[in-house]
Amino acid sequence: MAFAEFHLSEYPAVTMKTILLLRHAKSSWKEEGLRDHTRPLNKRGLRDAPRMGALIEEQQLRPEMILSSSAVRAIRTAEAVAEVCGAEMPLVKHEELYLATSAAYIETTRYLAESFHRILLVGHNPGISDLLNQLTGCDALMPTAALAQIELPIEKWNALSLQTAGRLVALWRPKELEPL
């Protein structure tokens, strides 16, 4: 029996998309009367946000775009990560991601340019943990500054839905990392 000869270069590579989920770093409750939306990071948050940026860089997971909740604690987390990654990448603040549901995160990503292969979503619980659980089937809670890497079997962002069966590659929690 003869086998046909083939070369992998003849077949188009399947390009998967990757979502990095990051819950905002720990925020401060010190200042009374401060609206939830404007709470800053506390001391631990100011330490953990750059740590997660260093982890992203160490794991060679630099995102091509960051989408963040408009809350101050989420924006400061996203900015610290971007600064440590050392790259200029778009950081887009979305009011819709403030205390968003998992469906709102999906809806926000569906309109991204196809040229983005790896994005970082920075947000809040319970939505960010719900999104992790719905995309991967894994029942995990994302504490503050936790980072999840999810590979998605899609080629276009508009194919993403809550039924997409992603694969959880890794979940990092700041308390489990070696001190800097």
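Assorted remarks:
- Among THR144, CYS85, SER115 - extreme Cα towards positive end, dipole of the chain, charges at beta-carbon: THR144
- The slack between VAL92 and TRP29, meaning 0.36 nm per residue of separation minus the straight C-alpha distance, is 20.1 nm.
- Extended-chain gain in nm, criterion 0.36 nm per residue less alpha-carbon gap, HIS117 and GLU58: 19.4 nm
- Descending principal axes extents, the chain, alpha-carbon based, whole Å: 78, 34, 32
- About the Cα centre, charge dipole magnitude for the chain (Lys/Arg +1, Asp/Glu -1 at Cβ), debye: 720 debye
- Positive minus negative residues near LEU162 (Lys, Arg vs Asp, Glu; Cβ under 13 Å): -1
- Pairs of Cα atoms nearer than 8 Å and 6+ residues apart set the relative contact order; for the chain it is 29 percent.
- Length released on extending from ASN125 to GLU151, taking residue separation times 0.36 nm less the Cα-Cα span: 7.3 nm
- Positive minus negative residues near MET142 (Lys, Arg vs Asp, Glu; Cβ under 11 Å): +1
- Relative to one another, the C-alpha centroids of the stretch 38-54 and the stretch 112-177 are positioned 20 Å apart.
- Lysine pairs in the chain with Cα atoms under 24 Å, if 8 or more residues apart or on separate chains: 10
Laboratory data are not the source of any read-out in this text; all were calculated from the coordinates shown. Given the structure is predicted, the values throughout are model-derived calculations rather than measurements. Neighbour counts run over all protein chains shown; Cβ positions are idealised from the backbone, glycine included.
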